[in-house]
Amino acid sequence: MAEFALLEKGAALQKEMGRRIKKLRLLQERTIEDLANASGLSKSMISKIENNKAIPSVAALVNIASALGVAVSDILETDETLAAEYTSGLEALESLAATGKGYNIFPFASKYHKKKMQPFLFVARKGEVVEHAVSHQGEEFIYVLEGVLRFRLEHTEYELKEGDSIYFNSVESHGIMPVTDEVVYLDVFV
């Protein structure tokens, strides 16, 4: 039952992201090819995202938002305005959405408008994460909640354990790989 709820919530997140990206692109009178070229993604990937067949990685989401000239929050947020948004830990864990890179994410505060940062909960499992490196505009802060991960920033590698953190310029090429069977971490994008 919990697995079904997880899939349902992940599908709802995927549908909303795709719908908002398409809406923003059409409002700007841009083609899928325009957005693909500006974001560094393929036309096929943009089409899959807009048609709810793929969830973009966080780096891809940042690149799409940048190409559209909007904040990531404009793609993730709903249309209602809130003074504060509470999320229970259970809700976050049950609403994780799988990405193409092999980790699962939950965007906190998706209903809170005009935020200056975008916090995400990440859950990555050893053997599921695809070796990768990403680069995008902004800064990031990672804080490990459980487990151990290997973090590479350009040519430097760090091993982050529970309670460890790193703050960095996300224009620098970076990527993570779980060391323990599962690692749970908070990643805040600015």
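The values are calculated or read from the model by the stated rules, or taken from the named source; none is laboratory data. Because the structure is a prediction, the values reported are computed rather than measured. No Cβ is skipped: glycine too gets one built from the backbone with ideal geometry, and neighbour counts run over all protein chains shown. In case anyone asks, the SASA skips ligands and DNA or RNA and just uses the protein heavy atoms, side chains included. Shrake-Rupley method; radii C 1.70, N 1.55, O 1.52, S 1.80 Å.
If a residue has to be within 14 Å of Val190 (Cβ to Cβ), surrounded by 14 or more Cβ atoms within 10 Å (Cβ to Cβ) and either out of contact with any strand residue (DSSP E or B) (no Cβ under 6 Å at 6 or more places or on another chain) or not small (Gly, Ala, Ser) (or both) to count, how many in region 167-179 make the cut? Steps first, please.
The first filter runs over region 167-179 and keeps only residues within 14 Å of Val190 (Cβ to Cβ), leaving 167-171.
From the residues that got through so far, the ones that are surrounded by 14 or more Cβ atoms within 10 Å (Cβ to Cβ) too are 168, 170.
Going one step further and asking which of them are either out of contact with any strand residue (DSSP E or B) (no Cβ under 6 Å at 6 or more places or on another chain) or not small (Gly, Ala, Ser) (or both), we end up with 168.
Qualifying residue count, region 167-179: 1.
Need pairs with beta-carbon distance below 6 Å; first residue without any contact (Cβ under 8 Å) to a residue 24 or more places away in the chain and within region 145-172, second part of a loop (DSSP other than H, G, I, E, B); sequence gap 6+ or separate chains.
Going by the 6 Å Cβ cut-off, the qualifying pairs are Leu153/Glu172; Glu154/Glu172; Glu154/Ser173.
With (1) closer than 30 Å to Ala38 by Cβ; (2) open to solvent by less than 20 Å² (accessible area, probe 1.4 Å) as the list, and Val184 as the residue in question, which single condition is left unmet?
Against the list (1) closer than 30 Å to Ala38 by Cβ; (2) open to solvent by less than 20 Å² (accessible area, probe 1.4 Å), Val184 comes up short only on (1).
Note down all Cβ pairs under 6 Å where the first residue falls in region 85-103 and is over 16 Å from Glu131 (Cα atoms) and hydroxyl-bearing (Ser, Thr, Tyr), the second is outside any loop (DSSP other than H, G, I, E, B) and at pLDDT below 85, and they're at least six residues apart or on different chains.
Hits for this filter: Ser95/Lys9.
Of the residues that make up region 149-165, is at least one of a type outside the set (A, V, I, L, M), under 17 Å from the mean Cα position of the chain (by Cα) and open to solvent by 20 Å² or more (accessible area, probe 1.4 Å)?
Looking through region 149-165, none of the residues is of a type outside the set (A, V, I, L, M), under 17 Å from the mean Cα position of the chain (by Cα) and open to solvent by 20 Å² or more (accessible area, probe 1.4 Å).
Going through Val58, Val70 one at a time, which residue ends up being β-branched (Val, Ile, Thr), out of contact with any Cys (no Cβ under 8 Å at 6 or more places or on another chain) and open to solvent by less than 20 Å² (accessible area, probe 1.4 Å)?
On the way: Val70 fails: open to solvent by less than 20 Å² (accessible area, probe 1.4 Å).
Answer to the check: Val58.
Give the residue, chosen from Lys116, Lys53, Lys101, Lys111, that is open to solvent by 10 Å² or more (accessible area, probe 1.4 Å), modelled with pLDDT under 90 and within 16 Å of Val190 (Cβ to Cβ).
Of the residues listed, the single one that is open to solvent by 10 Å² or more (accessible area, probe 1.4 Å), modelled with pLDDT under 90 and within 16 Å of Val190 (Cβ to Cβ) is Lys116.
Give just the number: which of (1) in contact with a strand residue (DSSP E or B) (Cβ under 9 Å, 6 or more places away or on another chain); (2) farther than 23 Å from Asn104 by Cβ does Val72 not satisfy?
All conditions pass for Val72, except number (2).
Please tell me if Val148 is at pLDDT 95 or above, among the hydrophobic types (A, V, I, L, M, F, W, C), touching an Asp or Glu at 6+ places or on another chain (Cβ under 7 Å) and closer than 23 Å to Met17 by Cα. Step through it out loud before you land on a result.
Values: at pLDDT 95 or above: yes; among the hydrophobic types (A, V, I, L, M, F, W, C): yes; touching an Asp or Glu at 6+ places or on another chain (Cβ under 7 Å): yes; closer than 23 Å to Met17 by Cα: no.
No, not satisfied.
Give the residues of region 155-181 that are touching a Leu at 6+ places or on another chain (Cβ under 6 Å) and among the aromatic types (Phe, Trp, Tyr), sorted by residue number.
Matches in region 155-181: Phe168 only.
In the set Glu139, Glu146, which member is open to solvent by 30 Å² or more (accessible area, probe 1.4 Å) and closer than 25 Å to Ala67 by Cα?
That would be Glu139, the only listed residue that is open to solvent by 30 Å² or more (accessible area, probe 1.4 Å) and closer than 25 Å to Ala67 by Cα.
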